[in-house]
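The values are calculated or read from the model by the stated rules, or taken from the named source; none is laboratory data. All figures in this text were calculated on a predicted structure; none of them were measured in a lab. FYI the Cβ positions are ideal-geometry reconstructions off the backbone, even for glycines, and counts take in every protein chain you see. SASA here: full protein model, heavy atoms, side chains in, ligands and nucleic acids out. Shrake-Rupley method; radii C 1.70, N 1.55, O 1.52, S 1.80 Å.
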Amino acid sequence: MFTLYADVALKLPLPDLYTYHVPPELTDALRPGMRVRVTFHHREEEAFVVGLHRNDPGLETQPVLELIDAAPVLIAEQLELAQWMAEYYLAGPGECLAKMVPSGKRRAVVPEKIAPPRRPERALTEEQAATLAAIAADWNPATAKRATTHLIHGVTGSGKTELYIRLILTTLDAGRSALLLVPEISLTVQLIERLRAVFGEELALLHSALGVRERFSAYMDALEGRRRIAVGTRSAVFAPIKNPGVIILDEEHDGSYKEHSAPRYDARQIAARRAARAGALLVLGSATPRMESAYFARAQAESSGFRYHRMERRATGAALPHVEILPVSSPDIPISLQLSREIGKNLERGEQSLLLLNRRGYNPFVSCESCRQTEACPNCTVTLNLHRDGRLVCHYCNYARLFDGVCSSCGGKSRRFGSGSQRLEERLLELHPAARIERLDTDVAARKHAVRDVINRLIAGEIDILVGTQMIAKGLDAPRVTLVGVLQADQGLGLADFRAAERTFALLTQVAGRAGRSDLPGRVFFECFNPENPVAQEAARQDYEAFYRSEILNRKEADYPPFCRLIRLLIRGEEAERADAAIEALAARLANLLPQDESVRMLGPAPAPMERLNNQFRRHIILKTRRMSAIRPLVARAIREHALDRRVHLEVDLDPADLL
């Protein structure tokens, strides 16, 4: 009798598959794509069955202990995609598969009859109709054999969502499935409601805010074909929909599409891979496209295959808001008198205001009057932020201690500096005591359903002034919001990262677009430390073209994406000396393997800009290359042959979102 063997991928950072024999009592039930329990190094581990065969591996094998699933929870496309990811992102196949399947177990489901979509009754604007026609001329979901990529560059309020709905309807009519990705599900309440109004129970929502049972149930609905439209955040790009006809990324510029734990995938790259394999339409939508997308769609359209569509007017006919730049008189003053007066006028008219200050807490800095030392986190190279409850908090590792007003270095008297969102909220309550004021930042969002409740009350007109961090910059469409203020608007430009200008421009443009989206005109105020800064000026004019022209020149001169690709190798460890030794050894190994020509350039090794995080010293190497396909295998070889000290950890990041 032949023995059946299972090749499995363990949910561990291991580069290889492992072979186990299948006991006779499990032989008939086991299928690729199921989860099982196995023994690995004397411990029980969960693993994914990648393949089954009867080829004797020629060595002693251990048995599969138990089946977790009664049927596969992964489709063949996902198994293939995980293998590609493992090779592309230099990760373990089990790590990749673990990103795809939410925790949970299959439960019996009673099939339900799903009502057909309700056809939109809204008339398209001239720009919407032209964009839709151009896409239709390039794509027919019923006969598509090749993927096409379309970038929809539309100003805030131009009606991109309506185009998404029409494209999904066309896809469903052709008997195919659809996938729509959004940056943050909690800030897309209105988008989800709009989709439900059209597609009803066809939606499978996939995001981390759902409970374990609810999320796994939605995943299985997609896998078993009960729901043909998957909607969710970054990890929803792996949704097990069959025969996808369209994949849409809303706000495609957003940094949240990049994963920051291994494997550090980019959902945009995964979406492109899935679209290519399925012959699907890939749609990227944004009011502020990231530089790579804009460059490939405009300057490199012929070679990249991108198609570019511009929508310059709001669908409602409303004008873009007027933007004025005000100087910051002092970071210790939360809001200027002029902006406060404008808010007062808004209150008198019964209109709503949004105020964005991208700093949590009460005071960002606490410094000694005697020795000038700033209170810093003992685990990270960042300052501690004073919160209203009297705690000094690190916003990276969550270290916290009570603040007693005494310098921890010399015992002198400490003074508070700067303003955070809590202090701004308090100041507004003093200036406008009759106003209904709410705050929305990470601290508030930690409460269950807090984000959804605040947004719903804003839309219902129950909030006069909403204060928040960058969370409020996108996804809001409240018709009575006519004033937007951004405090310390140019602070993000000081970060030591090549994307700082791009992120700041996008943030300012996106939040400005929350104002005046209906019949009432909008007004926007940027309070800047340097009102003459070109990025702030371009954002004030809503002038993406000017920003793109200047930023693309800066990128070319400094040789940053889109003119090259980046690989970041970061070593971290609790001992600085070990981290230094490990990164130096890795650099030497790379220097021996990489070609000595212009195809690759190595920067470093050097301390990372944030040199210490979570009590880990961080050192990194940046590789710049125009030949990623040739360089990546050499990096993989260097990592494989490099004997890493067990007391340090290596992070590999292809196309990093930032270099901090």
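The relative contact order of the chain, computed from alpha carbon pairs under 8 Å that lie at least 6 residues apart in sequence, is 11 percent. Using a probe of 1.4 Å on the protein chains alone, the accessible area found for Ile325 is around 40 Å². In the range 79-198, the convex hull through the Cα atoms has an average projected area of 10.9 nm², a quarter of its surface area.
Accessible surface of Lys474, taken over heavy atoms with a 1.4 Å probe and every protein chain present, rounds to 40 Å². Projecting the Cα atoms of Leu203, Ser256, Gly305 onto the dipole axis of the chain, where Lys and Arg carry +1 and Asp and Glu carry -1 at the beta carbon, places Leu203 farthest toward the positive end.
Given R0 = 41 Å, the distance between the Cβ atoms of Glu224 and Asn379 translates into a calculated FRET efficiency of 0.35. Under 18 Å from a label point set 7 Å out along the Cα-to-Cβ vector of Arg122, the amide N atoms of the range 453-468 belong to 459-460. Taken about its Cα centre, the chain carries a charge dipole of about 640 debye when Lys and Arg each add +1 at the Cβ and Asp and Glu each add -1 at the Cβ. For the range 115-199, GluC sites (Glu not before Pro) meeting the loop criterion (DSSP other than H, G, I, E, B) and having at most 12 other Cβ atoms within 10 Å: Glu121. Surface listing: Phe547, Phe306 arranged by accessible area from highest to lowest gives Phe306, Phe547, probe 1.4 Å.
When the label point is put 7 Å from the Cα of Ala636 along its Cα-to-beta-carbon vector, which residues of the range 82-105 have a backbone N closer than 12 Å? Residues 83-93 qualify, since their backbone N sits under 12 Å from the label point.
The value obtained for the range 531-577, namely the Cα convex hull volume divided by the number of residues, is 161 Å³ per residue. Judged by the ratio a/c of the largest to the smallest principal axis of the C-alpha gyration tensor, the chain counts as oblate, that ratio being 1.5 or greater while a/b is no larger than b/c. Report the full-extension gain for the segment Asp28 to Ile68: residue separation times 0.36 nm, less the Cα-Cα distance, to one decimal in nm. Extending this stretch completely gives an extra 12.9 nm.
Rounded is the label for the range 174-286, because a/c, from the alpha-carbon gyration tensor with a ≥ b ≥ c as root eigenvalues, stays below 1.5.
Net length available on complete extension from Leu553 to Ser256 is 104.4 nm, with 0.36 nm assigned per residue and the Cα-Cα distance removed. Per residue, the solvent-accessible area of the range 1-124 (1.4 Å probe, heavy atoms of protein chains only, all protein chains present) comes to 58 Å². Annotation note: GluC sites (Glu not before Pro) in the range 382-435 located in DSSP loop regions with a Cβ neighbour count of at most 16 within 10 Å are absent. For the peptides 59-71, 226-238, the ranking by packing is 226-238, 59-71, with the highest mean count of neighbouring Cβ atoms within 10 Å listed first. Cross-link partners of Lys113 among lysines, defined as those whose alpha carbon lies under 23 angstrom from its own and excluding same-chain residues fewer than eight positions apart: Lys242.
Within the straight-line cut-off of under 25 Å between alpha carbons, the lysines reachable from Lys624 are Lys258, Lys556, sequence neighbours fewer than 8 places apart in one chain being disregarded.
Once both labels are positioned 7 Å from their Cα atoms along Cα-to-Cβ, the gap between Leu644 and Gln596 label points is 2.9 nm. Loop-located GluC sites (Glu not before Pro) in the range 512-576 (DSSP state other than H, G, I, E, B) with a sparse environment of at most 10 neighbouring Cβ atoms within 10 Å: Glu532. Placing dummy labels 7 Å off each Cα toward the beta-carbon, the span from Leu495 to Glu545 is 2.9 nm. A Förster distance of 35 Å, applied to the separation of the beta-carbon atoms of Glu214 and Ala136, puts the FRET efficiency at 0.45.
Mean sequence separation of contacting Cα pairs (under 8 Å, at least six apart), scaled by the length of the range 390-465, corresponds to a relative contact order of 18 percent. Here the gap between Ser409 and Lys113, fully extended at 0.36 nm per residue and compared with their Cα-Cα distance, gives a gain of 99.7 nm. For Cys377, the accessible area of its heavy atoms, probed at 1.4 Å with every protein chain present, is near 10 square angstrom. Judged by the gyration tensor of its Cα atoms, with axes a ≥ b ≥ c, the range 512-660 is prolate; a/c meets the 1.5 cut and a/b is the larger of a/b and b/c. Taking the 1.4 Å solvent-accessible surface of the chain as the whole, the part contributed by carbon and sulfur is 49%. Normalised by the number of residues in the range 491-625, the average gap of Cα pairs under 8 Å and 6 or more apart makes the relative contact order 21 percent.
Projected label points at Glu369 and Glu348, each 7 Å from Cα along the beta carbon direction, are separated by 4.0 nanometres. In this structure, Ala585 and Arg43 have a Cβ-Cβ separation that, at R0 = 22 Å, corresponds to a calculated FRET efficiency of about 0.15.
About its Cα centre, the dipole of the range 120-262 is roughly 480 debye, where the only charges are +1 on Lys and Arg Cβ and -1 on Asp and Glu Cβ.
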